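> First, the structure itself, so that you have it in front of you.
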Amino acid sequence: MRALFFFLVLVNLAFLAWNLGYLGEANTGGREGSRLAAQIDPDKIRILNAAEASRHAAGKGASATSVASTVACLEWGSFPAQEVERVQAVLAALKPPPKFSLRRVDETAGWWVYLPPQANKPAADKRLAELKQLGIAEFFVINDDGPNKFAISLGVFKTEEAARNYLDSLARKGVRTARTAERETRVAKTMIVFREVDEATRGRLNEARKDFAGVELRECAGEDRRGEARSG
């Protein structure tokens, strides 16, 4: 019996030594020690808190949308009051129509396009009828006493280049006697403002502006929204 007892003790000690790895690699499948040993760089594993996890997710989203179209703010103008309705109709016809707002601006016009003074009011009215037949909708007769009485103003512009561009467009419509000259005056005009414009919309606007000679489409100068009215 004593021999059997010592034999069992030795067997148990041998099994314990093998299980602890003293006698070679032990099969410890499922034990915590083996799982830690099997991890790749376990010392580099770090538990993220809620804020860190949110930032990590945001970074993933930013990289996924890095190919999105550039967004910009554009302003188109400025337009005299008579032109605003036509501009809005052109924008409404775009597919899809862009969203925009209207902003009033006061400008000092240094140049104007006009027809020389007519002999009297009936003569001026006759010229107005001829302009309407040619599709010209922007004009007014100067009734103030002075050298320009009964002249017909066709538009006022900030620069000479813009005035000459408009003069050329009138000539293509058949208005042959119009002229340009310096004439400083304060005029109220309208700026069309487009916010969050992608490249596709920018392309459509560049095509649309070809119908409006001398009017610029450019990056927004600032974020001043005073006098701005939503539309579109």
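The values are calculated or read from the model by the stated rules, or taken from the named source; none is laboratory data. Small disclaimer: the values here were computed from a predicted structure and weren't measured. As a convention, Cβ positions derive from the backbone with ideal geometry for all residues, glycine included, and neighbour counts pool all protein chains shown.
> Tell me, please, whether a residue that is within 15 Å of residue 100 (Cβ to Cβ), in a helix (DSSP H, G or I) and at pLDDT below 90 can be found in the range 209-222.
yes
> Please state which of the following conditions residue 155 fails to meet, knowing it meets all the rest: (1) touching a Pro at 6+ places or on another chain (Cβ under 7 Å); (2) at pLDDT 90 or above.
All conditions are met except number (2).
> Could I ask something else about it? Would the range 139-156 turn up any residue that is of a type in the set (Lys, Arg), within 21 Å of residue 85 (Cβ to Cβ) and surrounded by fewer than 17 Cβ atoms within 10 Å (Cβ to Cβ)? Show your work before the answer.
First pass over the range 139-156, keeping only residues of a type in the set (Lys, Arg): 149.
After this cut, where a residue has to be within 21 Å of residue 85 (Cβ to Cβ) as well, the list is none.
No, the range 139-156 has no match at all.
> What strands (runs of 3 or more DSSP E) completely inside the range 96-203 contain at least 3 residues that are in contact (Cβ under 8 Å) with a residue 60 or more places away in the chain and among the β-branched types (Val, Ile, Thr)? Outline the logic, then answer.
Numbers: elements: 100-115, 152-157, 179-197.
Strands (runs of 3 or more DSSP E) meeting the threshold: 100-115, 179-197.
> Hey, another quick one. Suppose we filter 106, 125, 144 for residues that are closer than 30 Å to residue 220 by Cα and either touching a Gly at 6+ places or on another chain (Cβ under 8 Å) or not aliphatic (A, V, I, L, M) (or both); which single one remains?
Details: 125 fails: closer than 30 Å to residue 220 by Cα; 144 fails: closer than 30 Å to residue 220 by Cα.
Of 106, 125, 144, the one residue that is closer than 30 Å to residue 220 by Cα and either touching a Gly at 6+ places or on another chain (Cβ under 8 Å) or not aliphatic (A, V, I, L, M) (or both) is 106.
> Could you run through the range 76-95 and say how many residues are under 17 Å from residue 139 (Cα atoms) and aromatic (Phe, Trp, Tyr)?
1
> Now for a separate question. So residue 94 passes all but one of these: (1) at pLDDT 85 or above; (2) at negative phi; (3) in contact with a strand residue (DSSP E or B) (Cβ under 8 Å, 6 or more places away or on another chain). Which condition number does it fail?
Among (1) at pLDDT 85 or above; (2) at negative phi; (3) in contact with a strand residue (DSSP E or B) (Cβ under 8 Å, 6 or more places away or on another chain), residue 94 violates only (3).
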